[in-house]
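The next block holds one structure in the form of structure tokens; read it before the comments.
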Amino acid sequence: MDIILNSHKFPKLDGLFPFHTIAMDLDGTLLDSRASISSLNHYVLQSALDQGVGLIIATGRRFSSALPYAQEFRGNVTVVANNGQVLRSSPNAKRISETYISEKATFAVLSLGKKKGHSPLLHVDRFEEGIDILIESPITDEKYHNYSGGDIARTKVVSDLPEHSSDRVLVICYLSLIKEELIELEKELLSLPESSEYRTVITKIPGVSYCLEVLEKGVSKWTAIQSYLKISGLDETGVISFGDELNDKEMLFHSGYGFAMKNAVQSLKEGASYITKYSNNEDGIAMTLLELSVLSFR
């Protein structure tokens with residue numbers, strides 16, 4: 001074993017092939033700082049796919065935003081979207097599973113957020129209708145900090161979000177440039193009676209802002225991956241995963257081989273079994289797979 005950071009070790013597999021599935025986050029992990037899949041990452045992952053290894057893109061992004069990246073690969077790629085709330089396949093976008101936040105919990109979360117002066121975004125499962133996000137002002141409004149690149153194509157402006165609490169709600173988002181504002185809001189949301197039905201996570205969206213997400217309790221990227229494994233008849237120990245943020249925690253900690261990226265937040269690296277030697281801008285996923293010597297190349 002080679003020590004790479006603190007007490008974390010890099011596994012030496014000596015040519016063995018101990019995993020059947022590669023699961024990876026998008027932003028800060030598979031994607032570089034230009035939001036692109038590098039040629040080396042693409043080549044190595046395509047080679048894995050061609051050799052029968054399953055590829056899973058597991059992201060906090062909505063499915064429509066993640067799908068184009070999945071479609072860069074030839075073959076079937078599974079997409080975990082909205083931090084585990086939706087599981088679909090690529091390239092056909094076929095639904096595999098989904099979980100919605102209850103109407104009661106959604107109404108309580110939206111009402112409190114609005115009362116505190118925040119402007120929520122409501123992610124809904126209406127992909128086939130061309131709608132992903134419900135909001136009360138155009139997505140181009142500065143209070144959304146260029147969320148989703150300001151793309152209005154799959155957003156719908158409504159007069160009152162709480163009235164849409166039963167509209168197949170996947171995730172409730174609150175944005176702020178000041179993390180402490182979201183931490184305070186999070187405390188209040190978790191004090192509501194309905195908080196037994198949901199969980200929260202705060203992440204940093206590169207080039208946008210901090211984001212507080214409210215999701216169904218017990219749902220994560222890993223629970224969606226578990227659904228995929230059950231359907232496919234595969235074991236959990238055969239998953240190798242990569243991530244950089246706290247919403248990747250369950251995925252990394254339960255996979256057979258869970259790698260925090262070199263550029264991951266410190267709290268994730270402290271608990272991860274393994275840490276990549278390279279960042280997302282240094283082909284971290286590809287370089288790790290190459291150093292494990294588990295793939296063959298022609």
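Restricting to segment 211-226, name every residue that is modelled with pLDDT of 95 or more and open to solvent by 50 Å² or more (accessible area, probe 1.4 Å).
226
Condition test on residue 97, is it in a strand (DSSP E or B) and without any contact (Cβ under 8 Å) to a residue 24 or more places away in the chain?
It is false that residue 97 is in a strand (DSSP E or B) and without any contact (Cβ under 8 Å) to a residue 24 or more places away in the chain.
The conditions are (1) closer than 21 Å to residue 248 by Cα; (2) of a type in the set (Val, Ile, Thr); (3) open to solvent by 20 Å² or more (accessible area, probe 1.4 Å), and residue 201 fails exactly one of them. Which is it?
Condition not satisfied by residue 201: (3).
Under 8 Å between Cβ atoms, which residue pairs at least 6 apart in sequence (or on different chains) link something in segment 36-57 that is within 13 Å of residue 282 (Cα to Cα) with a partner that is surrounded by fewer than 21 Cβ atoms within 10 Å (Cβ to Cβ) and of a type in the set (Gly, Ala, Ser)?
Sorted first by the residue in segment 36-57, then by its partner, the list stays empty.
Looking at residue 60 and the list (1) among the small types (Gly, Ala, Ser); (2) out of contact with any strand residue (DSSP E or B) (no Cβ under 8 Å at 6 or more places or on another chain); (3) part of a loop (DSSP other than H, G, I, E, B), which single condition is not satisfied?
Evaluating residue 60 over (1) among the small types (Gly, Ala, Ser); (2) out of contact with any strand residue (DSSP E or B) (no Cβ under 8 Å at 6 or more places or on another chain); (3) part of a loop (DSSP other than H, G, I, E, B) leaves (2) as the failure.
Can you tell me which residue among 106, 78 is assigned to a strand (DSSP E or B), of a type in the set (Val, Ile, Thr) and farther than 20 Å from residue 147 by Cα?
Selected residue: 78, the only one of 106, 78 that is assigned to a strand (DSSP E or B), of a type in the set (Val, Ile, Thr) and farther than 20 Å from residue 147 by Cα.
Counting residues that are touching an Asp or Glu at 6+ places or on another chain (Cβ under 9 Å) and closer than 17 Å to residue 22 by Cβ, which strands (runs of 3 or more DSSP E) fully inside segment 209-298 reach at least 3?
In segment 209-298, the matching strands (runs of 3 or more DSSP E) lie at 239-243.
Sort out which residues of segment 58-92 are of a type in the set (A, V, I, L, M) and either closer than 21 Å to residue 152 by Cα or not assigned by the TED database to the domain that holds residue 255 (or both), and write them in order of number.
66, 67, 81 - these are the residues of segment 58-92 that are of a type in the set (A, V, I, L, M) and either closer than 21 Å to residue 152 by Cα or not assigned by the TED database to the domain that holds residue 255 (or both).
Residue by residue through segment 70-94, note down the ones that are small (Gly, Ala, Ser) and either surrounded by fewer than 21 Cβ atoms within 10 Å (Cβ to Cβ) or free of Cβ contacts under 8 Å to residues at least 12 places away in the same chain (or both).
75, 89, 93
Yes/no matrix, rows are residues, columns are (1) closer than 20 Å to residue 238 by Cβ; (2) in contact with a Pro (Cβ under 7 Å, 6 or more places away or on another chain); (3) at pLDDT 95 or above:
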{"position": "13", "(1), (2), (3)": "yes, no, no"}
{"position": "26", "(1), (2), (3)": "no, no, yes"}
{"position": "32", "(1), (2), (3)": "no, no, yes"}
{"position": "65", "(1), (2), (3)": "no, no, no"}
{"position": "73", "(1), (2), (3)": "yes, no, yes"}
{"position": "76", "(1), (2), (3)": "yes, no, yes"}
{"position": "82", "(1), (2), (3)": "no, no, no"}
{"position": "88", "(1), (2), (3)": "no, no, yes"}
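Which one is farthest from the chain's Cα centre (by Cα), of the residues in segment 233-259 that are among the charged types (D, E, K, R) and open to solvent by 40 Å² or more (accessible area, probe 1.4 Å)?
It comes out as 235.
If I go through segment 151-176 residue by residue, how many of them are open to solvent by 20 Å² or more (accessible area, probe 1.4 Å) and either out of contact with any strand residue (DSSP E or B) (no Cβ under 7 Å at 6 or more places or on another chain) or among the small types (Gly, Ala, Ser) (or both)?
7
The values are calculated or read from the model by the stated rules, or taken from the named source; none is laboratory data. Keep in mind it's a predicted model, so treat the numbers as computed, not measured. FYI the Cβ positions are ideal-geometry reconstructions off the backbone, even for glycines, and counts take in every protein chain you see. Areas reflect the complete protein model, heavy atoms only, side chains present, ligands, DNA and RNA absent. Shrake-Rupley method; radii C 1.70, N 1.55, O 1.52, S 1.80 Å.
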